[in-house]
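Peer 1: Right, I'll just put the structure down here and ask away after.
The values are calculated or read from the model by the stated rules, or taken from the named source; none is laboratory data. As the structure is a computational prediction, the values presented were derived from the model and not from experiment. Neighbour counts run over all protein chains shown; Cβ positions are idealised from the backbone, glycine included. With ligands, DNA and RNA removed, areas are computed over all heavy atoms of the protein, side chains included. Shrake-Rupley method; radii C 1.70, N 1.55, O 1.52, S 1.80 Å.
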Amino acid sequence: MNIFKRLFKIGEAEANSAIDKMEDPIKLTEQGIRDLKQDLEKNLEALAQVKALAIRAKNDQEEYLDKKEDYHNKAILILKKGQSGDMDKTESDRLAREALVKKEEAQKHVERSEEEAKKFNENVAQLERNIQTIKSNISNWENELRTLKARVKVSNATKSLNKQMAEIDSSSTVSMLERMKEKVAQEEALAEAYGDIAGASKSIDEELEKAASTTEAKAEDDLSKLKDQLGLNDDKK
């Protein structure tokens, strides 16, 4: 229980100091839960022992009640014998007196046992409340531990990412991006220049080919010869 007082009573200077010095909150929380479970075991053991005492006190009370009743009945029986002549009256009075003394002693034992049983039952009730509180704390902190593990995992990942981001030189990154943009623009311009050169070379080649081509002239000459053979060349007539 002490470790949780140090760790989790937020608002106290000692608790804040302990939390600030924590290197591994998960391990410390797990240790705190183990401590709570040990406290639970101790309280369960104490509860069993006190319950046994309460049962014993209750049994003693019932036993002395029976003895008290028995001494009372014996005193009556002895007095009746003395009255009836079955026993010497002086002796019956003496024994009846002794029986009543024993009855009174038994009554004191009854009262003592009753008081002890009451006290033990109060202790049992207190221990049962303690046990329920510890069980509730264990359940709560086990749930908190699961949440804490998730939070630590997220915070570690975030811290790692932020650290990486913090280590990046933004100015050099912007400079690099500008250089890349310039290089891409240069490559695009170069590609366009090559395209223009290729287009210009192709046009000149086509013009030269057309100028040097004899295909149409030969076809015209062949046509004229064919007309001559067929007598269809009107111009020559």
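Peer 1: Quick check: is even one residue across segment 64-75 surrounded by fewer than 13 Cβ atoms within 10 Å (Cβ to Cβ), within 56 Å of the chain's Cα centre (by Cα) and among the polar types (S, T, N, Q)?
Peer 2: No; the residues of segment 64-75 include none that is surrounded by fewer than 13 Cβ atoms within 10 Å (Cβ to Cβ), within 56 Å of the chain's Cα centre (by Cα) and among the polar types (S, T, N, Q).
Peer 1: Determine whether Ile19 is open to solvent by less than 90 Å² (accessible area, probe 1.4 Å), modelled with pLDDT under 75, among the β-branched types (Val, Ile, Thr) and more than 27 Å from Gln126 (Cα to Cα).
Peer 2: yes
Peer 1: Follow-up question, since we're still on this one. One residue is enough: does segment 82-103 have a residue meeting the conditions touching a His at 6+ places or on another chain (Cβ under 6 Å), under 30 Å from Ala52 (Cβ atoms) and not in a loop (DSSP other than H, G, I, E, B)?
Peer 2: Checked segment 82-103: at least one residue is touching a His at 6+ places or on another chain (Cβ under 6 Å), under 30 Å from Ala52 (Cβ atoms) and not in a loop (DSSP other than H, G, I, E, B).
Peer 1: Let me ask you something else. Are any of the residues in segment 135-155 modelled with pLDDT of 85 or more, open to solvent by 100 Å² or more (accessible area, probe 1.4 Å), farther than 30 Å from Ala57 by Cα and charged (D, E, K, R)?
Peer 2: yes
Peer 1: Here's another thing I want to ask about it. Give all pairs with beta carbons closer than 6 Å in which a residue from segment 27-38 that is polar (S, T, N, Q) meets a residue that is part of a helix (DSSP H, G or I) and open to solvent by 60 Å² or more (accessible area, probe 1.4 Å); count only pairs at least 6 apart in sequence or on separate chains.
Peer 2: none
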